[in-house]
Amino acid sequence: MVERKDKQVVGRIGESATAQYLIGIGFQILDRNWRIKGGEIDLVCLDGETIVFVEVKTRTSNMYGTPFDAINADKAFRLQRLALAWMATNQRWGHDYRIDVAGVWMDGSGACEIEHRIGVL
């Protein structure tokens with residue numbers, strides 16, 4: 001069984017790899033691990049004029065499903081609420097926004113493969 005600490009390390013590696021990937025395709029990172037009582041947004045980015053909220057799910061295997069399987073209806077609803085809260089807190093009302101999901105598979109050496117799904121929610 002993977003310990004919580006190990007999961008947190010895997011998650012941080014996946015988020016960092018995703019941030020680098022997004023920067024590489026022209027996104028600007030506005031915020032990382034933005035947290036309020038209702039939850040956390042992994043990455044907040046700017047893609048042109050669009051604010052993009054990115055949920056990052058990292059896995060070392062598909063034993064318990066793909067990273068995308070972790071996005072159920074409750075998680076999707078929570079992400080929508082968090083996105084709106086971030087926009088209110090940062091005076092970004094009226095801006096176009098979307099929610100993306102990045103699925104990250106990390107192998108034993110720490111190398112990451114990223115699948116970026118745009119506008120999934």
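The values are calculated or read from the model by the stated rules, or taken from the named source; none is laboratory data. What you see is a predicted model, and the numbers here were worked out from it, not measured in a lab. Methodologically, a virtual Cβ is constructed for each residue, glycine included, from the backbone with ideal geometry; neighbour enumeration extends over all protein chains shown. Keep in mind that these areas ignore ligands, DNA and RNA; they rest on the heavy atoms of the full protein, side chains included. Shrake-Rupley method; radii C 1.70, N 1.55, O 1.52, S 1.80 Å.
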**Report entry** Hits in region 56-70 (condition: more than 19 Å from residue 6 (Cα to Cα) and open to solvent by less than 50 Å² (accessible area, probe 1.4 Å))
**Finding:** 68
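Results for (1) among the polar types (S, T, N, Q); (2) touching a Phe, Trp or Tyr at 6+ places or on another chain (Cβ under 9 Å); (3) at pLDDT below 95, shown as yes or no for each residue.
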site	(1), (2), (3)
7	no, no, yes
15	no, no, no
41	no, yes, no
55	no, no, no
60	yes, yes, yes
63	no, no, yes
67	no, yes, yes
70	no, yes, yes
75	no, no, yes
**Report entry** Filtered residues of region 55-80 (kept if among the β-branched types (Val, Ile, Thr) and over 14 Å from the mean Cα position of the chain (by Cα))
**Finding:** 60, 66
Report task. Determine if region 83-93 includes at least one residue that is part of a strand (DSSP E or B), of a type in the set (D, E, K, R), at negative phi and open to solvent by less than 80 Å² (accessible area, probe 1.4 Å). Result -> no
Query raised in the report: Taking interchain pairs and intrachain pairs at least six residues apart, which have beta carbon atoms under 9 angstrom, with the first residue in region 56-78 and more than 21 Å from residue 31 (Cβ to Cβ) and the second open to solvent by 40 Å² or more (accessible area, probe 1.4 Å) and in a helix (DSSP H, G or I)?
Result: 62/69
Report task. Sort through 66, 50, 60 and tell me the only one that's touching an Asp or Glu at 6+ places or on another chain (Cβ under 8 Å), closer than 27 Å to residue 109 by Cα and not charged (D, E, K, R). Result -> 60
Report summary line: Of the residues in region 56-82, those that are out of contact with any strand residue (DSSP E or B) (no Cβ under 8 Å at 6 or more places or on another chain), hydrophobic (A, V, I, L, M, F, W, C) and outside any helix (DSSP H, G or I) come to 63
Query raised in the report: Cβ-Cβ below 8 Å, separation at least six or inter-chain, first residue in region 99-121 and farther than 12 Å from residue 53 by Cβ and in a strand (DSSP E or B), second open to solvent by 70 Å² or more (accessible area, probe 1.4 Å) and of a type in the set (Ser, Thr, Tyr): which pairs?
Result: 105/60; 106/60; 114/21; 116/21
Query raised in the report: Looking only at residues in region 96-115 that are in contact with a helix residue (DSSP H, G or I) (Cβ under 7 Å, 6 or more places away or on another chain) and modelled with pLDDT of 95 or more, which one is most open to solvent (accessible area, probe 1.4 Å)?
Result: 97
Report summary line: Over region 16-55, the set of residues open to solvent by 50 Å² or more (accessible area, probe 1.4 Å) and not in a strand (DSSP E or B) is 16, 20, 21, 23, 24, 25, 26, 37, 48, 49
